[in-house]
1. For the range 290-314, which residues satisfy the criterion of being assigned to a loop (DSSP other than H, G, I, E, B), open to solvent by 40 Å² or more (accessible area, probe 1.4 Å), closer than 21 Å to H391 by Cβ and not aliphatic (A, V, I, L, M)?
2. Checking L329 against (1) open to solvent by less than 20 Å² (accessible area, probe 1.4 Å); (2) touching a Leu at 6+ places or on another chain (Cβ under 6 Å), which test does it fail?
3. Looking at (1) buried (at least 21 other Cβ atoms within 10 Å of the Cβ); (2) out of contact with any Leu (no Cβ under 9 Å at 6 or more places or on another chain); (3) closer than 30 Å to L246 by Cα, which is the one condition that is false for G166?
4. Tally the residues that are crowded, with 22+ Cβ neighbours inside 10 Å and among the hydrophobic types (A, V, I, L, M, F, W, C), restricting the search to the range 336-352.
5. Looking for something modelled with pLDDT under 90 and part of a loop (DSSP other than H, G, I, E, B) - is there at least one such residue anywhere in the range 133-142?
6. Tell me which residues, restricted to the range 162-182, are of a type in the set (S, T, Y) and part of a helix (DSSP H, G or I).
7. Run G317 past the list (1) surrounded by fewer than 20 Cβ atoms within 10 Å (Cβ to Cβ); (2) under 16 Å from E218 (Cβ atoms) and report the number of the one that doesn't hold.
8. Looking at the range 60-86 only, could you name the residues that are hydroxyl-bearing (S, T, Y), more than 12 Å from Y28 (Cα to Cα) and modelled with pLDDT of 90 or more?
Amino acid sequence: MSAGMGDDRRVDLAVDLSQRTGRTDAIYRALHAALTTGRIPAEQRLPSTRDLARDLGVSRASVAEAYERLVAEGFLETRPGSGTFATAAASDNPRVRHRAAGALRPRAGWRWTPHATSGDAAVPAHDFRVGIPDASLFPFDTWRRLLAAESRSGGPAAGAYSGPAGLPRFREAVARYVAGSRGVHAEPDDIIATTGAQQALDLVARVLLEPGDVVAMEDPGYPEARELFALHGVQVVPVPVDAEGLVVDDIPPRARLVYTTPSHQFPLGMPLSLARRRALLAHAARHGTAVIEDDYDSEFRRARRPLESLQALDRDGRVVYVGTFSKSLLPGLRVGYLVAPPSLRDALLAARQLTDGHGAVHVQAALARFIDDGLLARHVRKASAHYTERHEILLDALAGLPVEPVPSAAGLHVAAYLSADAPLGSQELVARARRRSVALDSLAAYAVGPHRDGVVLGIGGAVTGTIRPGIRVLEQLLA
């Protein structure tokens, strides 16, 4: 039976009233269990004896006697003029304080734990964390208006489940957007909405990879992609990166999948050269390899025009293009997309439908309007100007440190190698800087094999006036 609490919350009371006798005991046991397991917390007001008796279909005397027993035991107290309340005695019960850890364990071989995220800690005074856009640049008022309008309209089937591909007008808007901004060849039916790039990678892995397959990845590279592929039971092989990007000649011929960030190598920053792009596609055609092109932040470029995307160069349908709005807009929107070759579309849609069904269609609808009204392009232009200024300030400030910035024409971060005579290694530098409220990353966090030591500094969260003071702290630590 369900009984209403005094503040309109409800608690389920499993009261066995099948016997004509012992109703007071049954009500007492149900309330005692709810109190001692925390389902009725301390200071929660209980319903009056009259209301609970009516809800349970019993006499008021049965409820009153159960309440009196719980008052006598210290689990309830009556407050004249206010009602009956749960006391702290229930929450102090050992059953609440010492909940069993549980006998269940992850499957054999499970080695992953949640990673700390940028939202888990207070914002540092000098924020050079990687992958964070500047939320203050986002047009919240406009977005709220669009989101409210789409939420109110409800769409043609607000009470129905949506398709796994995403809202049709969202896919149409994304297809136009990627064609104009990145030259990607895509029809709306080629677009599959995701909750971000990470889900896109997971869908591709589910569809393409068998345990024991080989996935080739840039080294240094994106750790969450590496861990995700390993989660699917595959062998992740690191492939070195040089000034032209991924070293294609070092990709194992048996690799089933190659993951790359060709527009802005993560985390070093150089683009994959045109010659390497063609070599990678030739390798994929020769060995039957799939390629994931993760174009995670190429909107923010400082060069006039980026190199043509791998997807646009692909003539065999071997490239899955992955994009996200987490950098260009906000991570909290949880909207991304992938451009699927026709041969994979149905399988990817089935994987999406079986894992989480579909995304938030009202968010997709609002974003479609945001794109089609030119608001995304306007926001990217505005944000790019800010990020370009920060990039220049950061490079100028780094000039006095024993570091060598890696040339980069796009993105929201800068990688810098430490000079051989630097007094600290990157990991020690990062740890000491953190104690002085300066947050940055070590290149070691992204590398698997041997690699030159260095740091990575984000510019998205680095407010302009905090950049030089933050770098001065690093200068003092490296003096």
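1. Going through the range 290-314, the residues assigned to a loop (DSSP other than H, G, I, E, B) turn out to be 295-300, 302-309, 314.
Narrowing the set further to residues that are open to solvent by 40 Å² or more (accessible area, probe 1.4 Å) leaves 302-305, 307-308.
Filter once more, keeping what is closer than 21 Å to H391 by Cβ: 302-305, 307.
Within the range 290-314, R302, R304, R305 meet the criteria.
2. (2)
3. With respect to (1) buried (at least 21 other Cβ atoms within 10 Å of the Cβ); (2) out of contact with any Leu (no Cβ under 9 Å at 6 or more places or on another chain); (3) closer than 30 Å to L246 by Cα, G166 is out only on (3).
4. Our first condition is that a residue be crowded, with 22+ Cβ neighbours inside 10 Å; within the range 336-352, this holds for 336-340, 348, 352.
Filter once more, keeping what is among the hydrophobic types (A, V, I, L, M, F, W, C): 338-340, 348.
So the count comes out to 4.
5. Taking the range 133-142 first, the residues modelled with pLDDT under 90 are none.
No, there is no match, as no residue in the range 133-142 is modelled with pLDDT under 90 and part of a loop (DSSP other than H, G, I, E, B).
6. At the first step, the residues of the range 162-182 found to be of a type in the set (S, T, Y) are 162, 177, 181.
Answer for the range 162-182, where residues must be of a type in the set (S, T, Y) and part of a helix (DSSP H, G or I): Y177, S181.
7. Status for G317: all satisfied but (2).
8. Our first condition is that a residue be hydroxyl-bearing (S, T, Y); within the range 60-86, this holds for 62, 67, 78, 82, 84.
Narrowing the set further to residues that are more than 12 Å from Y28 (Cα to Cα) leaves 78, 82, 84.
Those that are hydroxyl-bearing (S, T, Y), more than 12 Å from Y28 (Cα to Cα) and modelled with pLDDT of 90 or more: T78, T84.
The values are calculated or read from the model by the stated rules, or taken from the named source; none is laboratory data. Treat the numbers as computed from the prediction; the structure is a model and nothing was measured. So basically every Cβ, Gly included, is an ideal-geometry build from the backbone, and we count neighbours across all protein chains shown. All accessible areas refer to the heavy atoms of the entire protein, side chains included, with ligands and DNA or RNA removed. Shrake-Rupley method; radii C 1.70, N 1.55, O 1.52, S 1.80 Å.
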